[in-house]
Amino acid sequence: MKLSKKTLIRINLTLVPIVLFLVYFLGYPNESIPSVTLESKETTSLIPKPKGKSPLVFSILKTGEAKTLEAFVIEGGSVLKVVTVAHSGFYIQHPKGNFLFDTGLGIKIKEQFQMFPFYLKLLMEYQLIQTAKEQLELNGVNPSSIQDVFFSHLHWDHASGLKDFPSAKIHSLPEELNHPKIESGYIVSQFDGDSVNWKHLQFQDKPYASYAKSLDWYGDGTAVFVPMKGHSEGSVGLFLHTENGQTYFLTGDVVWRREGFLEKKHKPRGARWIVDFDTAGLGEEISRVHNLLLKNPELQIIPAHDHDVQSPLGFYPQVLGKK
């Protein structure tokens, strides 16, 4: 059956705006990220070495994953390439005490996830593998021995296991509690109530690399927290210097794939509309980490969801950084 000209015009008038919106939603044209110099008299792009030999090692706790198109996780990504998104936390071990940085998906994730509206359930679909608490228990670690849990930020896939460690002190920037809206990726039931033992992070006016503020948790330069702009009101990154002399930077969700730092690319525009707090600040942060990589080529960046970075390193009980 041959379609009439009027019908073809109607179809085109319907399809063209949809296609143009999808192209814009995925990030075309790309959001430019200007080159910014964030060094000052006090700061430098060179990452300081720890004081003496480091005893620190760590593990990646993969709690879940999702499959999606590369175009949905980085601007300019392929609509033909399927990538894996990891939902991971990190288990840091040091003689002065072990801690978690993010928890990934927790034991109540199924119940928590039901709080999302339908469109977010579609966009954020996940497959649970095993919670951080369960993984630690199976490997002989009593969850009550984890006295401190730090968060890069409090979005649902990072804070889901917060209450799985009721004896731990919970560390995040207080700004994370300013506007925890569900449409931005927060599920308040994960961190509400009087049972949460908040010990909000307070950064010191001590420069670390190109960051004006930092917090040296152990006091020996092996685990240093820094504030990171843009993704949420209170995002936090963590530098780790391990026993074997390697340096890692856990960057949360500033980007979802390492290429974002290497090539200075944002998440797709549609994703930024939902989960990112400040696009300009985020661009500045991406540029900062890009410069750190240029000046410190040995630096290993681990975004919280980049399975292609995490998988070759190995997941818990694999220990990273040992001599």
request  = Quick one: in the range 246-271, of everything that is at pLDDT 95 or above and among the small types (Gly, Ala, Ser), which residue is farthest from Ile60 (Cα to Cα)?
outcome  = Gly260
message = If I ask for residues that are assigned to a loop (DSSP other than H, G, I, E, B), farther than 17 Å from Asn197 by Cα and of a type outside the set (Gly, Ala, Ser), which ones from the range 133-186 would you list?
response = Asn139, Val141, Asn142, His155, Asn178, His179, Pro180, Lys181, Tyr186
request  = Mind telling me which of the residues Gly252, Gly234, Gly221 ends up being in contact with a Lys or Arg (Cβ under 6 Å, 6 or more places away or on another chain) and closer than 24 Å to Leu38 by Cα?
outcome  = Gly221
ask   = Is it fair to say Leu162 is in contact (Cβ under 8 Å) with a residue 24 or more places away in the chain and touching a Pro at 6+ places or on another chain (Cβ under 8 Å)?
value = no
message = I need the full set of residues from the range 58-107 which are assigned to a loop (DSSP other than H, G, I, E, B), out of contact with any Lys or Arg (no Cβ under 9 Å at 6 or more places or on another chain), hydrophobic (A, V, I, L, M, F, W, C) and modelled with pLDDT of 95 or more, in order please.
response = Leu105
Failed condition for Gly221, given (1) farther than 15 Å from Leu56 by Cα; (2) surrounded by fewer than 24 Cβ atoms within 10 Å (Cβ to Cβ) = (1)
Qualifying position, being free of Cβ contacts under 8 Å to residues at least 60 places away in the same chain and surrounded by fewer than 16 Cβ atoms within 10 Å (Cβ to Cβ), among Pro303, Pro297 = Pro297
note = By residue number, the members of the range 111-124 that are touching a Lys or Arg at 6+ places or on another chain (Cβ under 9 Å) and either in a loop (DSSP other than H, G, I, E, B) or of a type in the set (D, E, K, R) (or both) are Gln114
ask   = In the range 211-323, which helices (runs of 4 or more DSSP H) lie fully inside it and hold 1 or more residues that are more than 28 Å from Asn178 (Cα to Cα) and out of contact with any Pro (no Cβ under 8 Å at 6 or more places or on another chain)?
value = 259-262, 279-295, 307-313
query = Given (1) crowded, with 20+ Cβ neighbours inside 10 Å; (2) under 19 Å from Trp156 (Cα atoms), where does His266 come up short, assuming only one miss?
reply = (2)
request  = Quick one: in the range 161-209, of everything that is touching a strand residue (DSSP E or B) at 6+ places or on another chain (Cβ under 9 Å) and among the polar types (S, T, N, Q), which residue is surrounded by the most Cβ atoms within 10 Å (Cβ to Cβ)?
outcome  = Ser172
query = under 30 Å from Asn139 (Cβ atoms), at pLDDT 95 or above and over 24 Å from the mean Cα position of the chain (by Cα), is that true of Ser54?
reply = yes
request  = Might you let me know whether the range 242-252 holds any residue that is in contact with a helix residue (DSSP H, G or I) (Cβ under 9 Å, 6 or more places away or on another chain) and not hydroxyl-bearing (Ser, Thr, Tyr)?
outcome  = yes
inquiry  = Given the criteria of a type in the set (Gly, Ala, Ser) and more than 26 Å from Gly97 (Cβ to Cβ), does Ala223 qualify?
reply    = no
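Residues checked against (1) closer than 29 Å to Val149 by Cα; (2) surrounded by fewer than 19 Cβ atoms within 10 Å (Cβ to Cβ):
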position: Gly52; (1), (2): yes, yes
position: Lys62; (1), (2): yes, no
position: Leu69; (1), (2): no, yes
position: Ser78; (1), (2): no, yes
position: Val82; (1), (2): no, yes
position: Val85; (1), (2): yes, no
position: Tyr91; (1), (2): yes, no
request  = May I ask you to verify whether Arg288 is over 24 Å from Gln202 (Cα atoms), buried (at least 20 other Cβ atoms within 10 Å of the Cβ) and not small (Gly, Ala, Ser)?
outcome  = no
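The values are calculated or read from the model by the stated rules, or taken from the named source; none is laboratory data. Not measured: the values here are computed from a predicted model. Glycine also receives a Cβ, built like all others from the backbone with ideal geometry; neighbour counts cover every protein chain displayed.
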